[in-house]
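Notes follow the structure.
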Amino acid sequence: MAFSNWFSRLRSSYKPNKFIQNSFIHSKHTPQSRSLENTVIINSNNSNKQSWRSFLLPIVLAVSGGSFAFHLQKNASLCDAPNHQERVGRIGGKDSTKYVVKGTYKPVPSELIRELKAICQDNMTLDYDERYFHGKPQYSFHKAVNIPDVVVFPRSEDEVSKIVRSCNRHKVPIVPYGGATSIEGHTLSPNGGVCIDMTLMKHVKALHVEDMDVVVEPGIGWMELNEYLAPYGLFFPLDPGPGATIGGMCGTRCSGSLAVRYGTMRDNVINLKAVLADGEVVKTGSRARKSAAGYDLTRLMIGSEGTLGVITEVTLRLQKIPQHSIVAMCNFPTIKDAADVAIAAMLSGIQVSRVELLDEVQVKAVNIANGKDLPEFPTLMFEFIGTEAYTREQTLIVQKIVSEHSGSDFVFAEDAETKKELWKIRKEALYACLAMAPNFEAMTTDVCVPLSQLAGLISKSKEELDASSLLCMVIAHAGDGNFHTVILFDPADEEQRKEAERLNNFMVHAALSMDGTCTGEHGVGTGKVKYLEKELGVENLRAMKKIKAALDPNNIMNPGKLIPPHICF
């Protein structure tokens with residue numbers, strides 16, 4: 001049979017199934033497929049058989065290899081958005097200014113509900129208020145059109161595995177949920193589906209005092225864990241916002257004020273266990289403090305934000321509670337002076353455990369919320385740890401540096417209650433901000449730059465913030481170049497929201513121009529996904545998407561987060 005006649009008969013008899021039709025629709029407006037589509041239209045009206053042969057040669061080769069249908073189906077699902085126009089407008093798309101996530105919703109099959117009921121018994125709910133609560137982060141302005149269809153509360157790793165396996169079989173999306181303290185839309189459910197609330201899995205499974213490590217379930221909070229560890233003279237050094245759980249901290253690769261001394265989450269997790277999309281449970285390593293055995297799956301899972309697996313167990317590195325500590329505070333005429341001192345202190349070689357910077361607006365918020373009378377100037381807070389003699393020596397060195405940079409009101413505390421009160425003020429800074437405008441929402445930046453660039457970034461940003469009509473505060477983990485701004489705006493006022501977004505964009509792009517990052521510790525979620533192409537490059541994101549597709553081919557694991565929807569491979 002002549003090839004052209006064979007293919008004509010094949011075309012006329014071919015009736016694609018619904019999935020293939022949807023796949024064609026899903027991908028046909030990408031630049032590559034658009035040119036393919038135009039070629040088909042042109043050649044279908046061309047009687048030149050040779051041109052058909054030229055065009056169809058690759059297809060013939062694919063058919064002869066038995067892979068034509070596979071490639072159509074596979075390539076059609078490599079972009080999250082159905083067409084080019086939607087990709088541009090969707091949350092997370094390149095240059096997107098939208099913040100309400102509009103995912104693709106499909107009702108959860110009743111069969112899956114019955115399966116979940118059999119697995120979880122009474123530890124699940126279809127109640128609207130409970131589902132709405134789980135679909136809206138507590139301290140984040142990010143929103144989604146949809147909410148979870150069902151919330152489940154597993155009590156064991158085995159239950160998590162069964163839940164995930166059922167969801168994967170029905171191709172229903174899942175969203176892991178912990179303390180709900182993340183602020184970049186990580187726990188939104190843009191496609192509906194199943195919210196897996198891990199808060200009932202909060203046990204300490206094993207403590208190895210001599211090895212200085214602990215094995216915990218993901219639902220335990222870092223504050224609860226440190227209360228448990230205190231009698232043993234140990235503590236877990238990461239300290240993000242109050243209420244954060246270990247599982248969520250792993251998911252976002254968080255840190256906190258002590259990161260300058262002890263590192264971030266990736267430095268303090270020895271191994272973990274996670275349930276993959278097919279329900280299989282993997283353990284990423286042993287309890288050895290170091291290993292060169294194979295891929296580092298532990299670090300791959302940390303920061304993956306639930307897009308690769310659901311974390312069910314974590315082995316954490318612990319530290320000895322310091323013998324002695326001193327907390328110091330001082331004020332400066334400008335925020336640049338304060339940042340310069342933070343940098344100078346780090347360059348002096350002093351191993352400070354914390355260096356926190358608050359601008360005058362943030363100090364005012366602290367005063368109002370806590371009934372304090374702190375001087376309302378840019379302020380630095382230090383913590384020095386070690387022996388009593390060493391901490392006092394450190395304090396004197398920093399006091400000298402402060403005096404050389406126009407600092408004043410240098411005070412320090414050594415008694416436990418005063419130190420605890422001072423750090424409580426810092427840890428509750430966000431709540432103090434929100435208390436200044438109770439009906440407003442907060443947009444929080446999380447940029448991080450090389451330490452030498454911090455003073456320039458803060459100065460440049462502060463000028464822009466002060467010129468804005470919005471109420472803005474600056475908080476920084478100044479010892480490692482991580483800089484936050486809390487921008488308060490009325491969610492009902494679209495102009496205020498756009499102004500907050502403009503300020504956020506300004507600081508992110510300023511940080512990226514200084515070889516920095518759009519997120520130092522808060523993670524990506526939906527809020528920062530639009531900046532990743534500029535920061536990481538398309539090649540990097542394609543590699544990430546290939547990993548995601550390999551581990552989660554049905555894209556059920558927290559879809560719509562971390563990887564920009566317009567990225568294809």
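Go through the stretch 229-306 and name the chymotrypsin sites (Phe, Trp or Tyr not before Pro) that are in a DSSP coil and have 12 or fewer other Cβ atoms within 10 Å of their Cβ.
Y295
D278's amide H: which non-local residues (gap 5+, or another chain) put their own amide H closer than 5 Å, with H modeled 1.01 Å from N in plane and none for Pro or chain starts?
none
Of C518, V508, N558, which is farthest towards the positive pole of the stretch 507-567's charge dipole, taken about the Cα centre with +1 and -1 on the beta-carbons of Lys, Arg and Asp, Glu respectively?
The Cα lying farthest towards the positive end belongs to N558.
Using a 1.4 Å probe, what is the accessible area per residue for the stretch 267-357, in Å²?
In whole numbers, the stretch 267-357 has 39 Å² accessible per residue.
Provide the per-residue ³J(HN,Hα) series for the stretch 500-511, in order, calculated from phi with Karplus coefficients 6.51, -1.76, 1.60 and θ = phi - 60°, each as a whole number of Hz, with x at glycine and proline positions.
These are the phi-based 3J(HN,Hα) values: 4, 5, 4, 5, 4, 4, 4, 6, 4, 5, 5, 5 Hz.
Using only protein heavy atoms and a 1.4 Å probe, report how much of E533 is accessible, in Å² to the nearest 10.
Approximately 40 Å² of E533 is accessible to the 1.4 Å probe.
Between the alpha-carbon centers of the stretch 227-246 and the stretch 403-421, tell me the distance in whole angstrom.
One Cα centre to the other: 24 Å.
Express the carbon and sulfur contribution to the solvent-accessible surface of the stretch 375-456 as a percent, rounded to the nearest whole number, probe 1.4 angstrom.
It is 57 percent, rounded to a whole number.
Compute the accessible area per residue over the stretch 401-461, keeping the other protein chains in place, probe 1.4 Å, unit Å².
Values: 2840 Å² over 61 residues.
Averaged over the residues of the stretch 401-461, the accessible area is 46 Å².
Spelling out what I want: for every residue of the stretch 424-438, take phi, set θ = phi - 60°, compute 6.51 cos²θ - 1.76 cosθ + 1.60 (Karplus), and round to whole Hz; glycine and proline get x.
5, 4, 5, 5, 9, 4, 4, 5, 5, 4, 5, 5, 5, 9, x
The values are calculated or read from the model by the stated rules, or taken from the named source; none is laboratory data. Quantities reported herein were computed from a predicted structural model and do not represent experimental measurements. Ideal geometry is used to build each Cβ from the backbone, glycine not excepted, and the neighbour counts take in all protein chains shown. Keep in mind that these areas ignore ligands, DNA and RNA; they rest on the heavy atoms of the full protein, side chains included. Shrake-Rupley method; radii C 1.70, N 1.55, O 1.52, S 1.80 Å.
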